[in-house]
Amino acid sequence: MIQSGDMINNRYHVIKELGSGGFAKTFEVKDKAENDHKVIKILQDNAYSHPKVRELFAREYDILKRLDHPGIPGVKIDGYVTITYNQNSQVFTIPGLVMEKIDGENLQQWLKINTKIINTQQAIQWLKELIDILDYVHNHQYVHRDIKPSNIMLKPNGKLVLIDFGIVKELSQQYEKQNVPATKIGTPGYAAPEQENATLPTWQTWLANQNHQFDHRADFFCLGRTFVHLLTGIEPTILTIDSRNGKLLWRDKATGIDEDFKDLIDWLMEYKPDKRPQNTQEIKDLLEPKPAIIFPVPMVFFSFALNFVLLALLAMGVTLTIGWKVLFVVILCVIGGFFVKPLMKYFQD
């Protein structure tokens, strides 16, 4: 198998292993052709043994190379590679996916140093960035499937990047579950209920990316659980679940965070997809501050002046004719309209 020091296709020099999961390994490599560092993901033997998983790996490359967003690692047109290696006198050929290397640390590493997010402003900023990424991904008819702190990179400039899309991982888990029923789909504590309960779909629906057992709303659930971890510093699997309604008991541990923001996170984590936000725009609307009520300065001045004149006349005992009274009422109603209209718009928004 591939290890540090190897040269892949006479182009990629393997620097070190970055991570290993049940279906793939990732390595940092130096690209001799472009003289920079990249990440290469290579299928593990157990995943590679399924022809459909291999084909899906190529499908994942085909999708990722079309995505162009600063919050998603770039994959170039030559990013799908075939790797040949010798093991026990046998020659093996496996696929690899070469991606942009994101400098910085993932949020799992960030939590080890910073413990948790301690203010609502930072939480809102990070959620806005991730919703912007998901808005782009979902508009391209794609679902990430595996959002969690370790799959979110924090760049040195403070921006977030969503990495390691889970389409191949999930299908590999589905195949494993056929043999080991206890196998969990997705990442425990973060995966949406409909992900964990999903059955193995037909291969055609996977290739068409039309597995209707769950959709983009599963990403919202994963995102909510991710923020629970970020706001409390506690992994969701450790937190208690309320036996009455099945909800996670976490809010009292997220100190310094506004209750309205906690409500939004709970909304993301509703058990039934229909109860969650139905699209990213609904979340964006809640994250955008309501505009301040601005009244026209001349109208405000005229209103105060007119009221002052009216009160002064009444104080001097001046008796107003019915015509003057009607005129004052009409003018006050007109001016009042400038106040009522923005107030109504504010509360409707």
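I'm checking my understanding of the structure. Among residues of segment 1-30 that are under 21 Å from PHE165 (Cβ atoms) and small (Gly, Ala, Ser), which one is least open to solvent (accessible area, probe 1.4 Å)?
Of everything passing the filter in segment 1-30, ALA24 is least open to solvent (accessible area, probe 1.4 Å).
Looking at segment 131-151 only, could you name the residues that are among the hydrophobic types (A, V, I, L, M, F, W, C) and either under 9 Å from the mean Cα position of the chain (by Cα) or in a helix (DSSP H, G or I) (or both)?
Within segment 131-151, ILE131, ILE133, LEU134, VAL137, ILE147 qualify.
Can you pull out the residues in segment 249-258 that are surrounded by fewer than 19 Cβ atoms within 10 Å (Cβ to Cβ) and under 19 Å from PHE220 (Cα atoms)?
Result: LEU249, ARG251.
Name the pairs: first residue in segment 233-246 and among the aliphatic types (A, V, I, L, M), second residue part of a loop (DSSP other than H, G, I, E, B), Cβ to Cβ under 6 Å, at least 6 apart or on different chains?
Taking only residues 6 or more apart or on different chains, the pairs are LEU239/TRP250.
Which ones in segment 221-248 are open to solvent by less than 20 Å² (accessible area, probe 1.4 Å) and closer than 20 Å to GLN195 by Cβ?
PHE221, CYS222, LEU223, GLY224, THR226, PHE227, VAL228, HIS229, PRO236, LEU239, LEU248
Please find, within segment 3-29, the residue that is farthest from the chain's Cα centre (by Cα) out of those that are more than 22 Å from ASN151 (Cβ to Cβ) and assigned to a loop (DSSP other than H, G, I, E, B).
ASN10
Can you tell me how many residues within segment 265-281 are assigned to a helix (DSSP H, G or I) and open to solvent by 60 Å² or more (accessible area, probe 1.4 Å)?
Summing the residues that are assigned to a helix (DSSP H, G or I) and open to solvent by 60 Å² or more (accessible area, probe 1.4 Å) in segment 265-281 gives 4.
Within segment 31-130, considering only strands (runs of 3 or more DSSP E) that don't extend past its boundaries, which have at least 3 residues that are surrounded by fewer than 17 Cβ atoms within 10 Å (Cβ to Cβ)?
Strands (runs of 3 or more DSSP E) meeting the threshold: 80-87, 90-100.
Among what's in segment 139-162 and is closer than 24 Å to GLU55 by Cβ and surrounded by fewer than 20 Cβ atoms within 10 Å (Cβ to Cβ), pick the residue that is modelled with the lowest pLDDT.
GLN141
The values are calculated or read from the model by the stated rules, or taken from the named source; none is laboratory data. Just so we're clear, the structure is a prediction, and the values are computed from it rather than from any experiment. Reconstructed Cβ throughout: ideal geometry from the backbone, glycine too, with neighbour counts over all protein chains shown. To get the accessible areas, we keep the full protein, side chains included, count just its heavy atoms, and leave off ligands, DNA and RNA. Shrake-Rupley method; radii C 1.70, N 1.55, O 1.52, S 1.80 Å.
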